[in-house]
1. Checking residue 20 against (1) modelled with pLDDT of 75 or more; (2) closer than 30 Å to residue 114 by Cα; (3) not in a helix (DSSP H, G or I), which test does it fail?
2. If residue 27 satisfies all but one of (1) under 16 Å from the mean Cα position of the chain (by Cα); (2) over 13 Å from residue 106 (Cβ atoms), what's the number of the condition it fails?
3. List every residue pair whose Cβ atoms sit under 7 Å apart, with the two residues 6 or more apart in sequence or on different chains, where the first one lies in region 100-117 and is closer than 13 Å to residue 16 by Cα and the second, anywhere, is assigned to a helix (DSSP H, G or I) and open to solvent by 90 Å² or more (accessible area, probe 1.4 Å).
4. Do the conditions hold for residue 31, that is, is it closer than 30 Å to residue 116 by Cβ, in a helix (DSSP H, G or I), among the β-branched types (Val, Ile, Thr) and at pLDDT 80 or above?
5. Quick one: would you say residue 59 is under 26 Å from the mean Cα position of the chain (by Cα), at pLDDT below 85 and open to solvent by 100 Å² or more (accessible area, probe 1.4 Å)?
6. Can you pull out every residue in region 94-117 that is exposed (fewer than 12 other Cβ atoms within 10 Å of the Cβ) and assigned to a helix (DSSP H, G or I)?
7. With the condition kept exactly as written, say whether any residue in region 84-100 is within 27 Å of the chain's Cα centre (by Cα), at pLDDT below 80 and more than 18 Å from residue 45 (Cβ to Cβ).
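The values are calculated or read from the model by the stated rules, or taken from the named source; none is laboratory data. Only a predicted model underlies this, so the values are computations on that prediction, with no experimental measurement involved. Quick reminder, even Gly has a Cβ in these numbers, built from the backbone with ideal geometry, and neighbours come from all protein chains shown. With ligands, DNA and RNA removed, areas are computed over all heavy atoms of the protein, side chains included. Shrake-Rupley method; radii C 1.70, N 1.55, O 1.52, S 1.80 Å.
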Amino acid sequence: MDLEKIIDSKGNVFEWFGLIFFFGFGVMLFIWGIYSFVAFFRLVFQIFKRNKGKMFDCLSCGHSLSYEAHHCPHCGHLYGQRYPTPLAIPMYFTFGGMGIGLSTYIFITVLELFYEM
């Protein structure tokens, strides 16, 4: 066997592995970006759909509660904070843009490297 053929074949294997790895990383970033944009739009629509002053029934005891209640005063069932913090909306938008932007850059780079091989 020729030593140059062995070195070339190992180089090709590492190049292919690198392309597959970075393509997978790009897919992961793309999914992360889509998830962040979905969370962003959910929070924005939740703000527009606030139910201030409206009532709902407690899941544990059935007593009427305001949508602004953090817990039921009758049974103590915890509902937590209903509305997002003001920092969550720009964070999700930024992370979504970064994820989709970086994944697009990685896809273009992988395609360029693939065509150079």
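1. (3)
2. Going through (1) under 16 Å from the mean Cα position of the chain (by Cα); (2) over 13 Å from residue 106 (Cβ atoms) one by one, residue 27 breaks only (2).
3. These pairs meet every condition: 110/22; 110/23; 117/15.
4. So residue 31 passes the test.
5. Here the answer is no, as residue 59 does not meet what is asked.
6. 108, 112, 115, 116
7. No, because not a single residue in region 84-100 is within 27 Å of the chain's Cα centre (by Cα), at pLDDT below 80 and more than 18 Å from residue 45 (Cβ to Cβ).
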